[in-house]
Amino acid sequence: MSAQAVSETTAAALSMRGVWKTFDTPRGPLHVLRDLDFDIAPGAFVVITGPSGSGKSTFLNLASLLDTPSRGTIAFGGRIVSSLTEQELCAVRKERIGMVFQKFCLLTHRSALDNVAFRFRYLPSPAREARRLAESALARVGLAGQADQAVRLMSGGEMQRVAIARAVARRPDLLVADEPTGNLDRASAESVMETFRALHADGIAILLVTHNESLLRYATRHLVCRDGRLEDAP
């Protein structure tokens, strides 16, 4: 398989075909991603490693549908993303993709429950239903007993699990994580990764970028990003 042809299955949750991402610079075009083919199957756990500047963050922005390619096509759930209206695209991002970041991006003065329920702020969910789903998500990440605790009183690992609960509260098809253990100590990182393992076992596809190769044991597949291309790790 070539570096450009990174294909997992035809029944993909997310597919990229011939994707380029190019930025104009004073020195000319900068090709950050180059002719990528990529699939992630429903329920897969793909971990991507690679040096800084290799294109990992740009790739995640495309996979999260936060950015568009310069060339090529991206499909989510079998639908070409460029064919969606802006309203449809926003609905896909809100309802079918969860995102977790290195920085927890939480409202630290609010409770864990409030932070997870915040996921529903622009969705037509009644307050009672949003609360029920938020409580269920906290239970899934092992924080059922801390729903009313202020986030500022939690450990780093607990805060990241709140962030994960927020991301999966609507049970997304794809969970995208960018260095989710980067700010955590070893014990907290392992706790967070066990949470990811449980979510994966529950059928959620996970796409995780990290510099920490000790996390590879959780993956069903390891890809390496080099010079704007993805290839299977040897």
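Could we say that GLY72 is surrounded by 19 or more Cβ atoms within 10 Å (Cβ to Cβ), farther than 18 Å from PRO172 by Cβ and either at pLDDT 90 or above or under 19 Å from the mean Cα position of the chain (by Cα) (or both) here?
Here the answer is no, as GLY72 does not meet what is asked.
Identify the residue in the stretch 103-146 that is among the charged types (D, E, K, R) and under 11 Å from ALA165 (Cβ atoms) and, among all such residues, is surrounded by the most Cβ atoms within 10 Å (Cβ to Cβ).
Keep residues of the stretch 103-146 that are among the charged types (D, E, K, R), which gives 103, 110, 114, 119, 121, 128-129, 131-132, 135, 140.
From what's left, under 11 Å from ALA165 (Cβ atoms): 119, 135, 140.
On the way: ARG119: 21, GLU135: 19, ARG140: 19.
Among those that are among the charged types (D, E, K, R) and under 11 Å from ALA165 (Cβ atoms), it is ARG119.
Return the pairs, sorted by first residue and then second, in which the second residue is surrounded by 13 or more Cβ atoms within 10 Å (Cβ to Cβ) and hydroxyl-bearing (Ser, Thr, Tyr), the first residue lies in the stretch 196-213 and is part of a helix (DSSP H, G or I), the beta carbons are less than 6 Å apart, and the residues are 6+ apart or on different chains.
So the pair list comes out as ARG197/TYR218.
Test ARG170 against the criterion of being among the charged types (D, E, K, R) and assigned to a helix (DSSP H, G or I), and give yes or no.
Criteria not met by ARG170.
Could you check the stretch 36-144 for strands (runs of 3 or more DSSP E) lying wholly inside it with 3 or more residues that are touching a residue at least 12 places away in the same chain (Cβ under 8 Å) and of a type in the set (Val, Ile, Thr)?
45-49
Which numbered condition in (1) charged (D, E, K, R); (2) on the phi > 0 side of the Ramachandran plot; (3) without any contact (Cβ under 8 Å) to a residue 60 or more places away in the chain is the only one that ARG186 fails?
The failed condition is (2).
Yes/no per residue for (1) touching a Leu at 6+ places or on another chain (Cβ under 7 Å); (2) farther than 25 Å from ARG121 by Cα; (3) of a type in the set (Ser, Thr, Tyr); (4) exposed (fewer than 15 other Cβ atoms within 10 Å of the Cβ):
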residue: VAL162; (1), (2), (3), (4): yes, no, no, no
residue: PRO172; (1), (2), (3), (4): no, no, no, no
residue: LEU175; (1), (2), (3), (4): yes, no, no, no
residue: LEU184; (1), (2), (3), (4): no, yes, no, no
residue: HIS222; (1), (2), (3), (4): yes, yes, no, no
residue: LEU230; (1), (2), (3), (4): yes, yes, no, no
residue: ALA233; (1), (2), (3), (4): yes, yes, no, yes
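Restricting the stretch 80-96 to residues that are among the charged types (D, E, K, R) and either touching a Leu at 6+ places or on another chain (Cβ under 9 Å) or at pLDDT below 90 (or both), which is surrounded by the fewest Cβ atoms within 10 Å (Cβ to Cβ)?
GLU95
The values are calculated or read from the model by the stated rules, or taken from the named source; none is laboratory data. It should be emphasised that the depicted structure is a prediction, and the values quoted were computed from it without experimental measurement. Reconstructed Cβ throughout: ideal geometry from the backbone, glycine too, with neighbour counts over all protein chains shown.
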